[in-house]
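The values are calculated or read from the model by the stated rules, or taken from the named source; none is laboratory data. Remember, predicted model here, so these are calculated numbers, not experimental data. Because the Cβ atoms are built from the backbone with ideal geometry, glycine has one as well, and the counts that use them run over all protein chains shown. Accessible surface areas use protein heavy atoms only, side chains included; no ligands, DNA or RNA. Shrake-Rupley method; radii C 1.70, N 1.55, O 1.52, S 1.80 Å.
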Amino acid sequence: MKKKFLLARDTSEINLPRASDDTSDIVLNIYRGGPNQKPENSYDSYRVPVSRWTTVLDALIYAKERLDSSVAIRYSCRMASCGSCGMKINGIPRLACYTKISELGTHTITCEPLPNFPLIRDLVTDFQEFFDHHKKIQPYIQNLHPDPSIDKLSEFEQTPQQVDEFLQFSYCIKCGLCYSACPTVATDTKFPGPQALAQAYRYFADSRDDAVEKRLSIVDDKHGIWRCHFAGSCSKVCPKGVDPALGIQMLRSHMMSITKKPKKRLAELRETSREGS
Amino acid sequence: MEAFKDKQDSNKWSNREGLKGWLNPTRYGWERLSYWLMRLTGLFLLLYFVGHVYETSNLVGGLDAWNAMLELTQTTYGHIFLILVIGTSTFHSINGIRLIFAETARGLGKPGRPDYPYEAGSLNNIQRSGIWVALILAAAAMLYGSSVLFGGE
């Protein structure tokens, strides 16, 4: 198929590839770009039939399977569990599998790659930097001093109230939408981003974890938690109700109270953390 | 393998939004608008501060120099500038107080078990009310400033 490179909103006079005569067709504009594709910032447009429950991912798969197999998309579970199909849909980062065409209220859908992630091709972006930030905050329970009275094979017991402290933040599926929406990430490559900081709070708030100071010393950096300015966009786009902005403010609140403790100890921990990494 | 990875990395297109990422306040609701206005008013007040230091430094040039400088603020454009100073400083102050509370986790709600449709607890009506109050008070202060500055003409 011969491709037509179009501007996203300039579709009125274009002879679109037509999938069917269904009256509920939409125009699906897909960003096309990659290392070996020119011109830059171009879009291909497809006419796709939709029904009431058609999701953007359904439309993309239709376009890829029946209209243009060269479209690059990434998806897996199709049920908002894996976080693979994050992309900018009509200007806002969303999961394609979780966004119904009908809820967008328009017949023109524009899909672009997630901002703030390096582009690989079309709608596929590289999550390496995002995952590096996530790993850096040591997202696992560390408990060096378990209660010796507890049988080593038994689980750590928690009350429902203790679980509620962190459960919300453990629902993160690492889809990167919050990272993509964050205005600080847009300008600071060293900022860990809402996902990593919310996960720092998730382990901080977990009663089983005792690496509180160590983890706080990682996020206590001039490019760390203090760069968050509570724009709230991360929580706005989160498809799982994780509310990263809440976690970050909670963590920052605790950090402000921890400054009453000797700063020397925090500095030592930070130095140890750097040597370790 | 390393060379292959380097080549791959160089091929990837940087897709960072940069400044235009935070210059567009319309996509993410009131909180993002507040974030944008906070920066914009902060930059404006910084410019005003520099201008204000320059203005008051004219005092060392004597009474005539000082009066000549003051006359600049008595023009229509001078009044409009002062009204903007009133509005931006009011918004920046009130919203700043809201942010002091928010960034110490006051008025954000508590973590809980999220239910569909997953409305974020931190983007609640307390926060939005704070933003609206800042906007309304800034508008009211600008109106009052206008009535004082232009009322006598």
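One line per residue, one yes/no per condition, for (1) open to solvent by 10 Å² or more (accessible area, probe 1.4 Å); (2) out of contact with any Gly (no Cβ under 8 Å at 6 or more places or on another chain); (3) among the aromatic types (Phe, Trp, Tyr):
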| site | (1), (2), (3) |
| --- | --- |
| A:180 | no, no, no |
| A:191 | no, no, yes |
| A:201 | no, no, yes |
| A:204 | yes, yes, yes |
| A:208 | yes, yes, no |
| A:213 | yes, yes, no |
| A:221 | yes, yes, no |
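Identify all residues within the range A:141-181 that are under 20 Å from residue A:221 (Cβ atoms) and modelled with pLDDT under 95; write none if there are none. Selection gives A:142 alone.
For residues in the range A:205-259 being farther than 22 Å from residue B:112 by Cβ and of a type in the set (D, E, K, R), which is farthest from the other protein chains (Cβ to nearest Cβ)? Checked the range A:205-259; the qualifying residue farthest from the other protein chains (Cβ to nearest Cβ) is A:214.
Would you check if there is a residue in the range A:206-222 being under 25 Å from residue A:92 (Cα atoms), of a type outside the set (Gly, Ala, Ser) and assigned to a helix (DSSP H, G or I)? Checking the range A:206-222: not a single residue is under 25 Å from residue A:92 (Cα atoms), of a type outside the set (Gly, Ala, Ser) and assigned to a helix (DSSP H, G or I). For the range A:76-93, give me each residue that is among the small types (Gly, Ala, Ser), out of contact with any Gly (no Cβ under 9 Å at 6 or more places or on another chain) and either assigned by TED's automatic domain parsing to the domain that holds residue A:170 or within 21 Å of residue A:182 (Cβ to Cβ) (or both). The answer is A:80, A:84, A:91.
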